1. Where a Cα-Cα gap under 30 Å defines reach, which lysines qualify for B:LYS118, not counting those fewer than 8 residues away within the same chain?
2. Report the charge-dipole magnitude of chain A in Debye, nearest 20, computed about the Cα centre from +1 at each Lys and Arg Cβ and -1 at each Asp and Glu Cβ.
3. With charges only on Cβ, +1 for K and R and -1 for D and E, what is the dipole size of the protein assembly as shown about its Cα centre, in debye, rounded to 20?
4. Taking Cα centroids, how far is region B:1-72 from region B:88-124 in Å?
5. Calculate how steeply helix A:104-113 sits against the longest principal axis of the alpha-carbon atoms of chain A, using the helix alpha-carbon long axis, and give the answer as 0 to 90 degrees to the nearest 10.
6. Quick check on the exposure proxy: order A:LEU51, A:LEU61 from fewest to most C-beta atoms within 10 angstrom.
7. Return the sequence-ordered ³J(HN,Hα) values of region A:129-142 in whole Hz as given by the Karplus equation 6.51 cos²θ - 1.76 cosθ + 1.60 applied to θ = phi - 60°, using x for Gly and Pro.
8. Report the full-extension gain for the segment B:VAL103 to B:SER181: residue separation times 0.36 nm, less the Cα-Cα distance, to one decimal in nm.
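Laboratory data are not the source of any read-out in this text; all were calculated from the coordinates shown. It should be emphasised that the depicted structure is a prediction, and the values quoted were computed from it without experimental measurement. Glycine gets a Cβ as well: all are built from the backbone with ideal geometry, and neighbour counts include every protein chain shown.
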Amino acid sequence: MSEPIVELRRAVKEYVLGALRVTALRGIDLRIGAGEYAVVMGASGSGKSTLLNLLGCLDHLSSGDYLLGGQSVANLSDAELSEIRSRRIGFIFQSYNLIPQLNVLENIEVPLFYQGVHEAEARDRAQALAARMGLSDRLRHKPMELSGGQQQRVAIARSLVCDPILMLADEPTGNLDSKTGHEILELIDELHAEGKTIVMVTHDDDIAHRAQRVVRFLDGQIVSNERNGAARP
Amino acid sequence: MRPERMVKLAVKNLGQYKLRAGLTMLGIIFGVCSVVAMLSVGEGANREIQEKIQRLGSKNILLKSVKVPQEEGDNASSRRMLARYGLTYVDAEELSRDVPNLVASTPMKILRFDVQYKARRLQTDVVATTPWYLRVQNHRMVRGRFLAGADMEFGSPVCVVGSRLARILFAGYDPIGQTLSIDGDAYTVVGVVGDIAQGEVATSNELWLEGENQNVYIPLRTYLQKRGDLFAQWSQGGSTFEQVELHELILTIDHQENVVRAVDAVRRVLKKNHAKEDFSVVVPLELIRQARETRRLFNIVLGSIAAISLIVGGIGIMNIMLATVSERTREIGIRRALGARRRDIVLQFLTETLILSISGGVVGLLFGALIPMAITALTGVKTVLTFPAFAIAFLVSVTVSVVFGIYPARRAALMDPIEALRHE
Ligand SMILES: Nc1ncnc2c1ncn2[C@@H]1O[C@H](COP(=O)(O)OP(=O)(O)O)[C@@H](O)[C@H]1O
Ligand SMILES: [Mg+2]
């Protein structure tokens with residue numbers, strides 16, 4: 001395997017709810033190499049989203065270690081984690097998570113906003129990505145005026161705009177009909193073909209065969225972690 | 001994040017809640033408005049008092065005769081037809097001698113008489129005084145001359161009329177050289193003196209008299225030669241005679257810092273000469289001090305009221321921003337996931353607050369400028385718009401808004417991004 005982008009060592013995540021402790025991840029070891037396309041599967045509540053949030057630096061581990069691009073993030077401040085999210089991570093959500101009052105272009109520009117990229121440059125980059133996602137005639141539309149598939153395309157464009165080293169997708173097709181979902185998956189395949197590292201959570205076994213690696217979760221633990229022989233080269 | 005983009009974003013976000021933003025702004029508009037209006041009214045009142053007092057002359061001491069009621073037990077004098085009271089020539093003489101740093105003593109007899117020119121007749125105050133009255137009172141001559149030393153020496157029957165009286169009585173004629181009948185005596189008009197607004201001591205018992213000059217001025221000597229000190233007054237019970245030697249006496253001191261000492265001497269002399277308090281001593285300088293003190297109290301009261309209205313506006317802002325933040329929890333989560341630092345979130349909401357408060361403040365200033373004008377137009381109360389009033393109102397409102405905006409903004413920034421993302 002090539003140099004790992006993601007490396008989890010004995011990763012434990014506990015949620016404390018008053019007196020109650022929920023252990024969402026029970027000491028996980030996971031390595032995902034640069035350019036790899038990994039799919040995470042498992043029953044609802046098994047810890048998939050928790051994993052993705054941690055990989056995306058939205059959350060801290062309770063114990064264990066997480067190295068992103070070879071660098072530990074355990075002791076980073078909130079501002080430093082924000083910086084990593086801004087420059088190295090691209091998030092794609094099941095419910096798109098676009099900002100309702102912003103139009104397509106503005107939504108795609110949001111991450112650039114926080115990097116202080118000039119307005120003109122941000123506009124150019126957003127426009128190029130929107131064009132690539134087939135949204136050129138929707139640039140001034142608000143999310144409410146788009147179909148689910150179009151909204152997810154905007155979200156993908158937004159996740160790409162900072163040229164991240166790691167793309168995280170949490171059930172990106174969960175809210176879409178199968179045809180539209182298929183189109184989104186094709187797009188993700190394309191990104192993978194271009195060399196992006198992708199970690200995607202899904203329920204759908206049919207999707208799993210597209211990835212190079214399938215990680216199966218049960219109750220906060222990895223029960224299998226296989227390279228997918230049938231995947232494309 | 002770049003400031004100009006921050007502002008654009010804030011405007012866009014506020015645009016989502018136009019009605020709400022407008023209502024929030026109203027709170028600030030009223031706050032700023034009331035501050036500006038109150039400061040303007042306060043400043044107007046202050047200027048007016050200062051002007052009036054200044055007109056009395058800060059180097060002057062004003063003495064007035066005051067009629068005191070006869071004592072009940074005093075049988076012999078209770079129904080007396082002759083009332084004697086007030087300042088005397090002896091007082092004037094002794095004051096001239098004993099008051100330190102005195103530069104002028106201006107005696108006055110002030111009597112209400114019928115004055116008549118041709119067929120026009122009206123009742124007005126006749127001031128019998130000395131030539132330097134003009135200087136002591138900062139009067140301006142409009143035409144002709146004031147009473148002169150020679151008029152005093154010879155007891156000439158000349159008079160100077162106030163500009164308003166000249167207008168009413170001599171309408172259509174040049175007053176100079178005309179003969180004016182004052183209670184039957186003939187006087188030749190030698191000059192017209194300007195309005196009271198340009199400097200006139202009150203001639204009634206009030207501290208000052210507003211309006212145009214309607215008085216007639218005659219040489220004291222002339223009057224004394226013609227009438228003496230007795231004066232008949234008709235009241236309900238019939239006619240009574242009053243004997244008042246001087247109705248008023250203005251003592252002018254060389255410098256303001258000597259006034260207080262002079263006042264002590266004045267009081268000493270008058271206390272020695274008068275058994276009853278049949279005189280009053282008015283010191284404009286003391287009035288100025290009192291006015292300053294009153295003004296300070298006034299400012300504190302108005303300031304507190306204004307502060308309360310601004311705080312109410314600030315609480316309005318906080319309320320709206322808290323509602324906005326909780327409605328936009330998910331947006332906050334999204335932005336955090338996309339790389340916004342806590343600082344960016346704080347700034348985003350603070351910018352929105354600032355835009356609300358600054359635009360509300362500007363509108364408030366505009367209305368705040370109109371309200372004092374309306375007050376002056378409708379009630380005649382003097383108001384003064386000053387730059388500090390604007391600056392204070394604006395800065396305080398913006399400060400209050402920021403202070404009240406910080407809490408909601410921080411609350412937004414400290415949200416757990418994951419919780420925020422899950423928020424429906
Ligand atoms: N913020 C949280 N507070 C408490 N418990 C949580 C929180 N997030 C997730 N959990 C718990 O952690 C476990 C894993 O959840 P999650 O990662 O969302 O599962 P999945 O995405 O696989 O459905 C679940 O038992 C869930 O209830
Ligand atoms: Mg999940």
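1. Once the sequence-local lysines are set aside, what remains near B:LYS118 is B:LYS109, B:LYS226.
2. Approximately 240 debye in magnitude.
3. Details: 76 positive and 72 negative charges, 131 e Å.
For this selection, approximately 640 debye.
4. Comparing the Cα centres of region B:1-72 and region B:88-124, I get a distance of 42 Å.
5. Taking the Cα atoms of chain A, the angle to A:104-113 is about 60 degrees.
6. Values: A:LEU51 29, A:LEU61 19.
Ranking A:LEU51, A:LEU61 by Cβ neighbours within 10 Å, fewest first, gives A:LEU61, A:LEU51.
7. For region A:129-142, the Karplus curve yields 5, 4, 4, 4, 7, x, 10, 4, 8, 10, 4, 9, 7, 7 Hz.
8. Values: separation 78, 0.36 × 78 = 28.08 nm, distance 3.41 nm.
Working it through step by step, the gained length comes to 24.7 nm.
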